[in-house]
Amino acid sequence: MAKRFDNTNGPSQRQLRAGELIRHALVDILAREGLRDPAFERVMISVTEVRPSPDLRTAKVFVAPLGSGDAKALAAALNKSAGFLRGRLGREIDMKFTPELHFQPDTSFDAATKLDTVLSRPEVQRDLHRDEGGED
């Protein structure tokens, strides 16, 4: 009987290892290679996470600019260079298949900033201090 892939429990250990291997290799490639697209000028790129598919043939790569910059424009520019980066990646990693790369903007930093903003509002702080004192 064929084994079915079940991602309800999250990624497998194999996917996590492959994702970290790909992430480290991409960071090295992006640091070394001079990509000629104007979107990359004066932008430091952070590869925050790589999520490979269960068969490891495709990978979602989450990127964010360090400092200021447009994450969506950065991801779009990297998607244009995905073929070049995949070729370089194939030389760096030892996997049966070099995954097809799909770059996406990482919005987790924006969500964390919004959450910090909400938690620092005076009415939330007042409620938090009231709960610490044991009052209702």
Report task. Please name all residue pairs, on different chains or six or more residues apart, with Cβ atoms under 6 Å, provided the first residue is in the stretch 72-98 and is in the same structural domain as Asp55 (by TED's automatic domain parsing) and the second residue is at pLDDT 90 or above and part of a helix (DSSP H, G or I). Result -> Arg88/Ile29; Leu89/Ala25; Glu92/Ala25; Ile93/Leu21; Ile93/Ala25; Thr98/Arg86; Thr98/Leu89; Thr98/Gly90
Report task. Count, please, the residues in the stretch 28-50 that happen to be in contact with a helix residue (DSSP H, G or I) (Cβ under 6 Å, 6 or more places away or on another chain) and either outside the structural domain of Arg88 (by TED's automatic domain parsing) or free of Cβ contacts under 8 Å to residues at least 60 places away in the same chain (or both). Result -> 5
Requested in this report: Can you tell me which residue within the stretch 60-73, out of those that are in contact with a helix residue (DSSP H, G or I) (Cβ under 8 Å, 6 or more places away or on another chain) and over 18 Å from Glu100 (Cα atoms), is surrounded by the fewest Cβ atoms within 10 Å (Cβ to Cβ)?
Outcome: Ala73
Query - Lone qualifier among Pro99, Pro52, Pro105 - being over 19 Å from Leu16 (Cβ atoms), under 16 Å from the mean Cα position of the chain (by Cα) and not hydroxyl-bearing (Ser, Thr, Tyr) - result: Pro105
Report task. Among the candidates Arg57, Arg4, single out the residue that is loosely packed, with under 15 Cβ neighbours inside 10 Å and modelled with pLDDT of 90 or more. Result -> Arg57
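The values are calculated or read from the model by the stated rules, or taken from the named source; none is laboratory data. Remember, predicted model here, so these are calculated numbers, not experimental data. FYI the Cβ positions are ideal-geometry reconstructions off the backbone, even for glycines, and counts take in every protein chain you see.
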